[in-house]
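The values are calculated or read from the model by the stated rules, or taken from the named source; none is laboratory data. Since this is a predicted model, take the numbers as computed values, not measurements. Cβ placement follows ideal geometry from the backbone for every residue including glycine, while neighbour counts extend to all protein chains displayed. Protein only, heavy atoms only, side chains kept; ligands, DNA and RNA dropped before computing areas. Shrake-Rupley method; radii C 1.70, N 1.55, O 1.52, S 1.80 Å.
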Amino acid sequence: MQTFNTKKVGWVGLGQMGSPMVGHLLHSGFEVEVYNRSPEKAQAVVEKGALLAPNVETVAKNNDILFLMVSDYPAIESLLTLVVLAALKGKVVVNMSTVSPTQNQLIEAQLKSHQVHFIEAPVSGSSKVAEAGKLLVLGAGDKAIFDQLVPLFSAFSSKVYHYGEVGKAGGVKLAVNALLGIFNEAYAEALVFAEQFGINQADIIDTIANGAMNSPMFQSKIAMYESGEFPPVFMLKHITKDLNLAVDELEKANKCSPLIEKAAKTFSEANQTELSQQDLASIYTYLKK
């Protein structure tokens with residue numbers, strides 16, 4: 001069995017999720033070489049001990065394991081140039097970005113043609129969960145390679161899953177995020193519906209919070225509903241992307257899911273407004289208009 005150096009790894013993507021995840025790796029004693037398109041976003045992890053690389057090729061050359069935590073599939077395509085792929089020969093790419101099962105399978109095929117191993121490992125949890133080191137790692141791909149990565153995953157997660165072949169982890173991630181979108185829209189619709197009868201917002205929030213329809217997710221959004229301010233924990237534009245990826249997968253399978261499709265439509269409309277970069281709970285503001 002081929003073994004890889006997991007004590008020192010490369011990481012590309014230092015946004016709301018990537019930066020705290022790298023911070024936990026460093027705190028756990030791993031060496032991390034990082035690259036981010038906007039270098040200033042790397043400053044926080046560099047101050048914690050990360051090594052900043054000038055480009056992706058350098059990270060690929062210097063490490064057996066390359067983690068990707070970027071915005072979407074086009075971003076991944078732009079990173080995997082022929083030069084980078086050559087530097088990755090015989091190594092491992094771990095995609096922790098949220099893309100569709102089909103897109104992860106395309107990445108796997110591309111990497112395999114260049115003799116690069118691929119692990120699919122999106123995470124479930126918000127930026128606050130990432131900061132707490134309590135994410136869920138949703139994994140798929142070669143089990144022997146995946147098992148070598150578990151100590152790394154454990155640095156920023158509370159539980160690590162392996163579902164089988166590439167595509168399955170992405171399917172789980174889209175299912176979970178579809179629920180996230182559906183429930184946020186449902187709570188927002190319930191609040192707006194109650195308010196049309198002149199019911200005080202605080203009263204309906206308190207009723208939900210003390211009844212069977214309460215949830216940790218609802219609790220985490222109450223302060224936002226009350227203040228009317230929605231600082232991004234998970235941006236509305238990101239849940240919109242994920243819901244649309246889910247709809248694309250449904251269409252490929254010639255299946256339908258009315259709730260997912262409805263949520264995708266609502267969030268896509270809201271994403272065309274100033275709410276795009278606010279928290280997904282701001283769908284409440286959109287529905288009130």
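Data table
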quantity: Qualifying positions in the stretch 1-29 - closer than 15 Å to residue 133 by Cα, outside any helix (DSSP H, G or I), at pLDDT 95 or above and in contact with a strand residue (DSSP E or B) (Cβ under 9 Å, 6 or more places away or on another chain); calculated: 17
quantity: Which numbered condition residue 180 fails, given (1) out of contact with any helix residue (DSSP H, G or I) (no Cβ under 7 Å at 6 or more places or on another chain); (2) open to solvent by 40 Å² or more (accessible area, probe 1.4 Å); (3) at pLDDT 95 or above; calculated: (1)
quantity: Residue within the stretch 228-246 that is among the small types (Gly, Ala, Ser), touching a helix residue (DSSP H, G or I) at 6+ places or on another chain (Cβ under 9 Å) and not in a loop (DSSP other than H, G, I, E, B) present; calculated: yes
quantity: Enumeration of residues in the stretch 249-289 that are open to solvent by less than 20 Å² (accessible area, probe 1.4 Å) and farther than 16 Å from residue 189 by Cβ; calculated: 279
quantity: Long-range neighbours under 7 Å by Cβ, at least six apart or interchain, first residue in contact (Cβ under 8 Å) with a residue 24 or more places away in the chain and crowded, with 18+ Cβ neighbours inside 10 Å within the stretch 128-148, second basic (Lys, Arg) and assigned to a helix (DSSP H, G or I); calculated: 138/173; 140/168
quantity: Complete set of residues in the stretch 31-44 that are of a type outside the set (Ser, Thr, Tyr) and surrounded by 18 or more Cβ atoms within 10 Å (Cβ to Cβ); calculated: 32, 33, 34, 36, 42
quantity: Counted residues, the stretch 82-101 - those being open to solvent by 50 Å² or more (accessible area, probe 1.4 Å) and either free of Cβ contacts under 8 Å to residues at least 24 places away in the same chain or under 18 Å from residue 149 (Cβ atoms) (or both); calculated: 1
quantity: Given (1) over 19 Å from residue 280 (Cβ atoms); (2) in a helix (DSSP H, G or I); (3) open to solvent by 80 Å² or more (accessible area, probe 1.4 Å), number of the condition residue 202 does not satisfy; calculated: (3)
quantity: Residue list for the stretch 61-113, filter: in contact with a His (Cβ under 8 Å, 6 or more places away or on another chain) and aliphatic (A, V, I, L, M); calculated: 85, 86, 88, 92, 93, 111
quantity: Those residues of the stretch 119-142 which are assigned to a helix (DSSP H, G or I) and small (Gly, Ala, Ser), in sequence order; calculated: 127, 130, 132
quantity: Set 246, 212, 223, 194: member being over 30 Å from residue 170 (Cβ atoms) and surrounded by 13 or more Cβ atoms within 10 Å (Cβ to Cβ); calculated: 194
quantity: Count of residues meeting criterion [farther than 19 Å from residue 81 by Cβ and either among the basic types (Lys, Arg) or touching a strand residue (DSSP E or B) at 6+ places or on another chain (Cβ under 7 Å) (or both)] in the stretch 40-63; calculated: 8
quantity: The stretch 23-38 residues that are under 23 Å from residue 76 (Cα atoms), paired with ones that are polar (S, T, N, Q) (beta carbon under 7 Å, 6 or more apart); calculated: 33/62; 33/63; 35/55
quantity: Some residue of the stretch 52-69 being of a type in the set (A, V, I, L, M) and free of Cβ contacts under 8 Å to residues at least 40 places away in the same chain; calculated: yes
quantity: Complete set of residues in the stretch 76-129 that are of a type in the set (A, V, I, L, M, F, W, C) and within 14 Å of the chain's Cα centre (by Cα); calculated: 76, 94, 96, 99, 121, 123, 129
quantity: Members of the stretch 233-261 found to be without any contact (Cβ under 8 Å) to a residue 12 or more places away in the chain and not acidic (Asp, Glu), listed by number; calculated: 250, 253, 254, 255, 256, 258
quantity: Residue match in the stretch 62-69 (condition: farther than 25 Å from residue 89 by Cβ and among the charged types (D, E, K, R)); calculated: no
